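Asker: Attaching a single structure in structure tokens format; questions to follow.
Every number in this text was worked out from the coordinates using simple rules, so none of it is lab data. Note that this is a predicted model, so its numbers are computed, not measured. Virtual Cβ from ideal backbone geometry, glycine too; neighbours counted across all protein chains shown.
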Amino acid sequence: MLPPKEGFSEGRAGAIALIVRDLAAASPPGWQTTVLGAASDSPPYPGLRFLPVRPGPLLRLLGSNAAYAAAALRALRRDRPDVVEVHNRPDVALRLARGLPGVPVVLVLHNDPRGMRRARTPDERRALLGRLGAVCCVSGHILDRLTGDLAAGGTGAPPGRALVMHNGLRLDTLPPPSAERGKVLLFVGRLAADKGADTFVRACALALPDMPGWRAAVIGADRFRADSPETPFTAALRPLAASAGIDMLGFRNNAETLAALSRAAVAAVPSRWHDPYPRVAQEALACGAVLVTTRRGGLPELAGDAAVYVDHEDPASLAAAFRRLAGDPALRAALSARGRARAAGFELGAVVGRWTSLRESLLG
């Protein structure tokens, strides 16, 4: 089950929807996966069973998440699932667990639970772990945010209920890395301060004058769709990018983004916030772009020694990394190869196997 604001169609899918799409498409024999998500005018991804959730008049009575959960519950009672997996909404997972007695409900956390309804306090997180079949965290960083302070309350977390489940990629569907990579610095992501898009632009403004033959581009918008609205942040970013000669390419779908990553020499993920386990960093490594990133959240866990790390608040640090990479083709080649080797651990088949084992254990 997707979060209510997440689309499930080409051109409207964020990272969570792409992760769910890949897992659903790789369901092993004996399992059928149904994706629940908000109703949309856009057709869902083909070849997958999709149930649109329509809160209707409940929206005004209950609020968005509660109405979404109530509408989903009606659909699930008709569908009679064996296991339900709710992505990134603890309050929705709890409502479904109460409404579907005997059905294991799993919560999948892609972000810090301490900022989510029904998971902000240690007592709420203890209750969450006690009520749900399991809580899967996309990184060790998120697991620590879920359970790191629970022992202080006396009871701790129920054993075996909280675990790390890294996200995977369908490596066989990625475009092959280009033999002649363009001298391009590329930022891909949501255009917001926490993702460091402005840090990237300021770093390029500092570095590009010293990097003849190189250029920079930004792929992304405030929302995961082509008609994303202009925000104060993006409006302020555009003149800075223009003065530095940076191409602002706007939203691109996942296929176009992967093609750009397969051609670019360097991909920057200069996150300021504790980024849990960003898919774009996985994709950059798998596509052979040299990853330049920060040591925030789950990024070191994801990239290991296959990335160049910079200060998350210092554009000059990022600019220095760009200059160094531009002047050392051998280093770029070595890091690209190291990144692709690291990405082999993201293979979706292994991830599906771990999910299948968890599901079967929940069913006894």
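Asker: Can you give the FRET efficiency for Arg120 and Glu301, using 1/(1 + (r/R0)^6), R0 = 25 Å, r = Cβ-Cβ distance, to the nearest 0.05?
Answerer: 0.60
Asker: Okay, moving on. Provide the net charge surrounding Pro270, with neighbours chosen by a C-beta distance below 14 Å and charges set as Lys +1, Arg +1, Asp -1, Glu -1.
Answerer: Computed value for this residue: 0.
Asker: If you average 1/r over every pair of different alpha-carbon atoms in the chain and take one over that average, what Kirkwood value in Å do you get?
Answerer: Computed over the chain, the radius equals 21.4 Å.
Asker: Collect residues whose amide H, placed 1.01 Å from N in the peptide plane, falls under 5 Å from the amide H of Leu291; neighbours closer than 5 in sequence don't count.
Answerer: HN-HN under 5 Å from Leu291: Ala267, Val308.
Asker: May I pose another question? Output wanted: per-residue J couplings in Hz (rounded whole) for region 130-143, from phi through Karplus 6.51 cos²θ - 1.76 cosθ + 1.60, θ = phi - 60°, x for Gly and Pro.
Answerer: In residue order, the calculated couplings are x, 9, 8, x, 6, 10, 9, 10, 6, 7, x, 4, 5, 4 Hz.
Asker: Sticking with this structure for a sec: Please find, in a Gaussian network model of the chain (springs between Cα atoms separated by less than 10 Å), the residue of Gly349, Gly189, Gly297 whose mean-square fluctuation is greatest.
Answerer: Gly349
Asker: If you don't mind, another one. Rounded, prolate or oblate: which fits region 171-346 when a ≥ b ≥ c are the square roots of the eigenvalues of the alpha-carbon gyration tensor, with rounded for a/c under 1.5 and prolate only if a/b beats b/c?
Answerer: rounded
Asker: Give, rounded to the nearest 20 debye, the magnitude of the charge dipole that the chain has about its Cα centre when Lys and Arg contribute +1 at Cβ and Asp and Glu contribute -1 at Cβ.
Answerer: In debye, rounded to 20, the chain gives about 820.
Asker: Let me ask another. Determine the shape class of region 214-256: with a ≥ b ≥ c the square roots of the Cα gyration tensor eigenvalues, call it rounded for a/c under 1.5, and otherwise prolate if a/b is greater than b/c, oblate otherwise.
Answerer: oblate
Asker: Once amide H atoms are built 1.01 Å from N in the peptide plane, which residues 5 or more positions from Val53, or in another chain, come under 5 Å H to H?
Answerer: HN-HN under 5 Å from Val53: Gly37, Ala38, Ala39.
Asker: If you don't mind, another one. Can you sort Tyr309, Tyr277, Tyr68 from fewest to most other Cβ atoms within 10 Å of each residue's own Cβ?
Answerer: Ascending Cβ contact count within 10 Å gives the list Tyr309, Tyr277, Tyr68.
Asker: Given R₀ = 51 Å, what would the calculated FRET efficiency be for Thr356 paired with Asp210, taking r from the Cβ atoms and rounding to 0.05?
Answerer: Efficiency, rounded to the nearest 0.05: 0.50.
Asker: Rounded to the nearest 20 debye, what is the charge dipole size of region 171-346 about its Cα centre when +1 sits on each Lys and Arg Cβ and -1 on each Asp and Glu Cβ?
Answerer: Rounded to the nearest 20 debye, it is 220 debye.
Asker: Which residues does a label at Arg74 reach in region 16-50, if reach means a backbone N under 19 Å from a point 7 Å past the Cα toward the Cβ?
Answerer: Counting only backbone N, you get 35-41, 50.
Asker: How large is ³J(HN,Hα) for each residue in region 180-191, as worked out from phi by the Karplus curve 6.51 cos²θ - 1.76 cosθ + 1.60 (θ = phi - 60°), to whole Hz, x for Gly and Pro?
Answerer: 10, 6, x, 7, 10, 9, 10, 10, 10, x, 5, 7
Asker: Using modelled amide H (1.01 Å from N, peptide plane; none on Pro or chain starts), what sits under 5 Å from the amide H of His110, excluding residues fewer than 5 places away?
Answerer: Those qualifying (amide H under 5 Å, at least 5 residues apart or on another chain) are Asn88.
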